[in-house]
Amino acid sequence: MNDETRLATLAESSAALVEEGMVVGLGSGSTAEAFVRALGARVQAGLNIQGIPTSRNTEHVARGAGIPLTTLSDSQVVDFGVDGADEIDPNLALTKGKGGALLYEKLVAEACNRWVIVASSEKLVDRLGTRIALPVEIMPFGWETTQARVEALGFAAPLRVAGDGVPIVTDGKHFVLDCATG
């Protein structure tokens with residue numbers, strides 16, 4: 001089974017868990033986008049739900065798929081949420097944030113009554129920080145001070161920047177430190 005087929009199968013299986021009337025947390029990244037598209041097909045077939053996207057990109061995909069949207073402010077309890085992961089360790093701790101939607105993903109996940117992570121076996125690691133640096137979303141105000149405090153914990157913590165050296169800004173208007181665990 002190729003990656004595209006595997007992703008579609010995972011997405012459809014996850015979308016099948018969504019029930020009528022649910023408020024659904026819509027994660028970020030390629031796996032979550034596949035889920036949103038599969039869920040959109042169910043909505044087009046008559047499923048009545050509302051989605052809460054965790055990023056501008058997910059919001060765009062959900063609108064395109066015809067999923068009615070709400071906000072975490074309007075629906076403080078989320079019945080069900082689906083997201084992908086960048087890494088998962090043996091204790092099921094996971095890393096999110098390669099795409100930079102860390103804070104919103106975590107806020108929606110915390111509000112979920114049931115939260116499902118969809119991931120393929122290559123995301124399994126012995127220790128977090130193996131495949132990617134550990135992302136930490138920080139406030140732009142005084143970011144250098146925060147960076148120094150993180151580095152004092154023993155991490156190399158460079159600021160995530162674009163090719164032109166300008167800091168990458170999350171949907172929440174924050175910066176990201178990519179912490180190397182060594």
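The values are calculated or read from the model by the stated rules, or taken from the named source; none is laboratory data. Note that the coordinates shown come from a computational prediction; the quantities given were computed from them, not determined experimentally. Ideal geometry is used to build each Cβ from the backbone, glycine not excepted, and the neighbour counts take in all protein chains shown. Side chains are part of the model used for accessible areas, which takes the heavy atoms of the whole protein and leaves out ligands, DNA and RNA. Shrake-Rupley method; radii C 1.70, N 1.55, O 1.52, S 1.80 Å.
Of everything in the stretch 39-58 that is of a type in the set (S, T, N, Q) and open to solvent by less than 60 Å² (accessible area, probe 1.4 Å), the residue that is nearest to residue 110 (Cα to Cα) is 54. Against the conditions (1) in contact with a Gly (Cβ under 7 Å, 6 or more places away or on another chain); (2) modelled with pLDDT under 95, residue 69 satisfies every one except (2).
Collect the residues in the stretch 74-84 that are in contact (Cβ under 8 Å) with a residue 40 or more places away in the chain and either in contact with a His (Cβ under 9 Å, 6 or more places away or on another chain) or surrounded by fewer than 21 Cβ atoms within 10 Å (Cβ to Cβ) (or both), keeping them in residue-number order. Walk me through how you get there before you give the answer.
To start, the set of residues in the stretch 74-84 that are in contact (Cβ under 8 Å) with a residue 40 or more places away in the chain comprises 75, 77-84.
Correct list: 75, 77, 79, 80.
Considering each of 36, 24, 61 in turn, give the residue that is closer than 19 Å to residue 107 by Cα and assigned to a helix (DSSP H, G or I). Matching residue, one of 36, 24, 61: 36.
Just one residue in the set 71, 31 is among the hydroxyl-bearing types (Ser, Thr, Tyr), open to solvent by 10 Å² or more (accessible area, probe 1.4 Å) and more than 21 Å from residue 173 (Cα to Cα); that residue is 31. Where strands (runs of 3 or more DSSP E) fall entirely within the stretch 71-152, those with at least 3 residues that are within 24 Å of residue 19 (Cβ to Cβ) are at 78-83, 112-117.
Annotation: of all residues in the stretch 132-182 being surrounded by fewer than 14 Cβ atoms within 10 Å (Cβ to Cβ) and of a type in the set (D, E, K, R), the one that is nearest to residue 96 (Cα to Cα) is 173.
If you go through the stretch 96-122 and keep only what is over 12 Å from the mean Cα position of the chain (by Cα) and of a type outside the set (Gly, Ala, Ser), you end up with 110, 112, 113, 114, 122.
Look at residue 61 and say whether it is touching a Lys or Arg at 6+ places or on another chain (Cβ under 9 Å) and either of a type in the set (A, V, I, L, M, F, W, C) or open to solvent by 50 Å² or more (accessible area, probe 1.4 Å) (or both). Taking the combined requirement at face value, the residue satisfies it.
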